[in-house]
Amino acid sequence: MTEPKTSARERFLALLRAAITDATLVKLTLGKHRGADQSLENLFVRPVQLKGGAHLSFVWHHATRDITKNHAPAAALALLEPLIGGDFLDAHLFTPAQTAHLACTSDGGSQLSVKTASVAPMPPPSAHDREKTHLIPATAPWLRALGVTNDQGRPREGQAAKFRQINKFAELLTHLLDEAGLSGDSSASERAPFHVVDAGCGKGYLTFALSALLGRRAQIQGIEVRPDLVALCNDTAVHEGFASHLRFAAGTIADTPASGLDVLVALHACDTATDDALARGISAGAKLIVVAPCCQKELRGQLTAPGVLSGPLRHGIFQERQAEFATDALRAELLEWAGYRTKVFEFISTEHTAKNLMIAAIKTRPLGKADDAQARRVRALADFYGIRTQALARQLEFPLRMEA
């Protein structure tokens, strides 16, 4: 008697079960959502090591927020099986040995493709190892060269917060690159390298982290105004084997390439320098823009919010905080008008830095396609605070007030 043919979906689930059981799962991504929650777009699943043992971290990516939940392996698998081919029609499975892609159709059809991967296996965490597994390990030689870690592969005195910040940045960028369709996984090895610029990169901590994550999948350039830091970073890139895909140049945000740019990062660019970076990324058609604003001073003198806010805003601290909110809210709204989906969130705990807000923008449509409803929202926000002019709006040639 002929046995029934195993469907592509069932073969994919068998690969997933084996990856979870053997602790070889690197990442699972589910897309093409068709479930009841119309705001849900993707699901990203990665292994994490918690005090209670190995778990799987689920990041549910919605249009305006992300929800993270951790599940034990058996519970995670029970949740995933009905979702694959059910609420999600597209699934990518990554292990050190292979990658698998399952494409399902709404009528129950499915197709599976499997490729051998060239990713070096990740050693499983020791049962007695209580230390967190980091995307950027403390033993990375470039961290030692930049003074973050010592010869024993541990953060130097006073550098533990910097090490955590580097890894938080790496974790965030991994998810954002996935959302922007710029995953650095080896399954994309046939693609041409994409281009990343870190404007105002300083000592290059986060630039090196990006290069370590992406390898030769990306050509990365760090731009920094201080020549001594540029020289240090280029020397480190050569000595640590990054020179083929990472370089540093002296300059400012104005020196950022105006075309051929896929990702622009500008962290802690002061005041309107953040607007310069956003405008540069938009004009270059970057698929992903990531900024961490700093010292939002431009709008303080313009704030004339009506009614009950006029009294409190006489106090300098309230005016400062309100100016920060109004500035960054207006930036996010202008990015939406310019064709980007924005996310605003805390980059890292305030115990490490008070300037911890991050704005991420993922390109969804060309700038030339007008969005009149979004334009009205931008102007309504500006009108509420009495804002007449703002740096990003000027560079986008977006009038905050229409002539009567």
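Observations on the structure shown:
- Selection within segment 279-313: residues that are of a type in the set (S, T, N, Q) and either in a helix (DSSP H, G or I) or buried (at least 19 other Cβ atoms within 10 Å of the Cβ) (or both). The member of this set that is modelled with the highest pLDDT is Ser283.
- Just one of (1) in a strand (DSSP E or B); (2) buried (at least 16 other Cβ atoms within 10 Å of the Cβ); (3) in contact with a Leu (Cβ under 6 Å, 6 or more places away or on another chain) fails for Gln49. It is (3).
- For segment 270-286, the condition of being in the same structural domain as Leu172 (by TED's automatic domain parsing), among the polar types (S, T, N, Q) and in contact with a strand residue (DSSP E or B) (Cβ under 7 Å, 6 or more places away or on another chain) holds for at least one residue.
- Pairs linking a residue in segment 21-38 that is in contact (Cβ under 8 Å) with a residue 60 or more places away in the chain to a residue that is surrounded by 21 or more Cβ atoms within 10 Å (Cβ to Cβ) and assigned to a loop (DSSP other than H, G, I, E, B), with Cβ atoms under 6 Å and 6 or more positions apart or on different chains, are Thr24/Thr95; Val26/Thr95.
Yes or no, residue by residue, for (1) among the aromatic types (Phe, Trp, Tyr); (2) under 22 Å from Gln49 (Cβ atoms); (3) modelled with pLDDT of 85 or more:
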| site | (1), (2), (3) |
| --- | --- |
| Trp142 | yes, no, yes |
| Gln159 | no, no, yes |
| Ile166 | no, yes, yes |
| Asp178 | no, yes, yes |
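- With respect to the conditions (1) outside the structural domain of Arg216 (by TED's automatic domain parsing); (2) at pLDDT 90 or above, His134 lacks only one, and its number is (2).
- If you filter segment 52-88 down to residues that are among the small types (Gly, Ala, Ser) and closer than 19 Å to Gly31 by Cα, you find that the one that is surrounded by the most Cβ atoms within 10 Å (Cβ to Cβ) is Gly85.
- Selection over segment 61-97 of residues that are in a strand (DSSP E or B) and either modelled with pLDDT of 85 or more or not assigned by TED's automatic domain parsing to the domain that holds Ala19 (or both) gives a count of 11.
- When Thr29, Thr21 are checked against the criterion of being hydroxyl-bearing (Ser, Thr, Tyr), crowded, with 19+ Cβ neighbours inside 10 Å and either modelled with pLDDT of 85 or more or closer than 23 Å to Gly109 by Cα (or both), Thr29 stands alone in meeting it.
- Flag if Leu50 is in contact with an Asp or Glu (Cβ under 7 Å, 6 or more places away or on another chain) and farther than 22 Å from Gly181 by Cα: no
- Of all residues making up segment 30-68, the number that are under 26 Å from Ala103 (Cβ atoms) and of a type in the set (Lys, Arg): 3
The values are calculated or read from the model by the stated rules, or taken from the named source; none is laboratory data. Every value quoted in this text rests on a predicted model; they were computed, and no experiment measured them. Glycine gets a Cβ as well: all are built from the backbone with ideal geometry, and neighbour counts include every protein chain shown.
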